[in-house]
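Below: one structure, written as structure tokens.
The values are calculated or read from the model by the stated rules, or taken from the named source; none is laboratory data. Just so you know, these numbers come straight off a predicted model, no measurement behind them. Here the Cβ is made from the backbone with ideal geometry for all residues, glycine too, and neighbour counts use every protein chain on show. With ligands, DNA and RNA removed, areas are computed over all heavy atoms of the protein, side chains included. Shrake-Rupley method; radii C 1.70, N 1.55, O 1.52, S 1.80 Å.
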Amino acid sequence: MSRINLKSAATLREPTELVAHGLASAADLPDLEKVAARYAVAVTPDIAALIDPGDPDDPIARQFIPSAEELVAQPGENADPIGDHAHAPVAGIVHRYPDRVLFKLVHVCAVYCRFCFRREMIGPGKATALSSDAYNGALDYIRAHSEIWEVILTGGDPLMLSPRRLGEIMADLAAIDHVKIIRIHTRVPVADPARISAEMVAALKVEGAATWVALHANHARELTRKARAACAAMIDAGIPMVSQSVLLRGVNDNVAALEALMRAFVECRIKPYYLHHGDLAPGTAHLRTTLEHGQQLMRDLRGRVSGLCQPDYVLDIPGGYGKAPVGPSYLSQANSSPGEGELDPETRYRIVDYCGDVHRYPPKP
Ligand code: SF4
């Protein structure tokens, strides 16, 4: 196995570079060039170093190395799978739920995930950072809507901004009285942990609002020693962290991988928050699982790890209708399951324990 030498490496952005580093096959190059012409490619040295080029099923490679399968769009897939455009009152803002907005500051990321739900909107070939006018218009919108309690900085990846610029943005937001929470969605601590410098951590702390950071990672191997140190620097500075992961076929769609990932988060003091069902982004069907499989994995996970390690399994409803928890449910009305036969008529509910055994609860009052 020949892994990338971090000291001399730069981010890989061209299929020819992926081939030269043994991360893709030369035979696939024509297809990969077609994929790269449509969807951005970037593999940082830290991520490249995690990939085992000798493993055709490497779970890190599956997330970042393009594949010819991305050229095949399935019915139902959509360039705006979670309906951002339906809730965009001004440039840079998505206002889907009453008390919070997404603030999309940048359209670039440290790495480009092959399953990205915003893959049609991000990358060097797409729009870049918000113009100054658009930024001010977005701030005006937030100021004018006193119901906005939480601003979620997303993108792209907001930690691609310089600490100086990020600090200015944090101060602008915290100066708005009704904004109490600023949440940052990022993959930088795993993709390029060196960016989490002392200056960056200082920029994230702001008077007048609480900062939360949501880390996107999908496999325990992403939580390297350096990634853990980057997260610890933020948490030690008083910034709480939660996780976001995507359920991905061939990456984490087995209970052992999910268990290792959730345990790794909790060991890093990061509370597992969301496990997203894969969105219907174009050319990503090969990475999606079924909802039934996701529910079974959640059942299996509950049998193996504590509540601290349990994320919510959620689906973003296509069309912009927001997230919905998609189970599984452990509680049902008694007599609602086929084949159960006669039950005590006084029993109201059936509830399933972590071993899968069914119990009755409670008797009717
Ligand atoms: S880091 Fe997030 S926004 Fe960027 S490519 Fe990955 S999923 Fe998309």
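Values for this structure:
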{"quantity": "Count of the stretch 155-171 residues which are open to solvent by 10 Å² or more (accessible area, probe 1.4 Å) and in contact (Cβ under 8 Å) with a residue 12 or more places away in the chain", "calculated": "7"}
{"quantity": "Complete set of residues in the stretch 260-311 that are open to solvent by 60 Å² or more (accessible area, probe 1.4 Å) and under 14 Å from the mean Cα position of the chain (by Cα)", "calculated": "271, 273"}
{"quantity": "Filter pass, residue 34 being within 16 Å of the ligand (Cβ to nearest atom) and open to solvent by 20 Å² or more (accessible area, probe 1.4 Å)", "calculated": "no"}
{"quantity": "Restricting the stretch 173-209 to residues that are part of a strand (DSSP E or B) and within 24 Å of residue 60 (Cβ to Cβ), the residue that is farthest from the ligand (Cβ to nearest atom)", "calculated": "184"}
{"quantity": "Any hit, the stretch 286-302, residues being modelled with pLDDT of 90 or more, within 30 Å of residue 236 (Cβ to Cβ), basic (Lys, Arg) and out of contact with any Lys or Arg (no Cβ under 8 Å at 6 or more places or on another chain)", "calculated": "no"}
{"quantity": "Meets criteria (in contact (Cβ under 8 Å) with a residue 40 or more places away in the chain, of a type outside the set (Asp, Glu) and more than 23 Å from residue 216 (Cβ to Cβ)) for residue 142", "calculated": "yes"}
{"quantity": "Of the criteria (1) among the acidic types (Asp, Glu); (2) in contact with a strand residue (DSSP E or B) (Cβ under 8 Å, 6 or more places away or on another chain); (3) more than 22 Å from residue 324 (Cβ to Cβ), which one residue 84 fails", "calculated": "(3)"}
{"quantity": "Residue ranges of strands (runs of 3 or more DSSP E) in the stretch 65-163 with at least 1 members away from the ligand (no atom under 16 Å from the Cβ) and either modelled with pLDDT under 95 or small (Gly, Ala, Ser) (or both)", "calculated": "93-97"}
{"quantity": "Which listed residue is within 16 Å of the ligand (Cβ to nearest atom), open to solvent by less than 50 Å² (accessible area, probe 1.4 Å), under 21 Å from residue 186 (Cβ atoms) and aliphatic (A, V, I, L, M), from 49, 42", "calculated": "42"}
{"quantity": "Residues within the stretch 118-153 that are crowded, with 21+ Cβ neighbours inside 10 Å and closer than 27 Å to residue 74 by Cα, tallied", "calculated": "4"}
{"quantity": "Residues satisfying the stated conditions in the stretch 241-270, i.e. more than 22 Å from residue 57 (Cα to Cα) and in contact with a Ser or Thr (Cβ under 7 Å, 6 or more places away or on another chain)", "calculated": "265, 270"}
{"quantity": "Criterion violated by residue 87 - all others in (1) touching an Asp or Glu at 6+ places or on another chain (Cβ under 7 Å); (2) closer than 17 Å to residue 121 by Cα satisfied", "calculated": "(1)"}
{"quantity": "Residue in the stretch 203-214 that is within 19 Å of residue 112 (Cβ to Cβ), under 21 Å from the mean Cα position of the chain (by Cα), among the aliphatic types (A, V, I, L, M) and at pLDDT 95 or above present", "calculated": "yes"}
{"quantity": "Only one of 214, 229 that is away from the ligand (no atom under 14 Å from the Cβ) and hydrophobic (A, V, I, L, M, F, W, C)", "calculated": "229"}
{"quantity": "Pairs, first under 25 Å from residue 362 (Cα atoms) in the stretch 319-335, second outside any strand (DSSP E or B) and among the basic types (Lys, Arg), C-beta under 7 Å, six or more apart", "calculated": "328/299"}
{"quantity": "Residues of the stretch 52-74 that turn out to be under 26 Å from residue 222 (Cβ atoms), among the hydrophobic types (A, V, I, L, M, F, W, C) and open to solvent by 60 Å² or more (accessible area, probe 1.4 Å), as a count", "calculated": "0"}
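Here is a yes/no grid of residues against (1) touching a residue at least 40 places away in the same chain (Cβ under 8 Å); (2) of a type outside the set (A, V, I, L, M); (3) over 20 Å from residue 216 (Cβ atoms):
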{"residue": "76", "(1), (2), (3)": "yes, yes, yes"}
{"residue": "81", "(1), (2), (3)": "yes, yes, no"}
{"residue": "91", "(1), (2), (3)": "yes, no, yes"}
{"residue": "103", "(1), (2), (3)": "yes, yes, no"}
{"residue": "108", "(1), (2), (3)": "yes, no, no"}
{"residue": "117", "(1), (2), (3)": "yes, yes, no"}
{"residue": "123", "(1), (2), (3)": "yes, yes, no"}
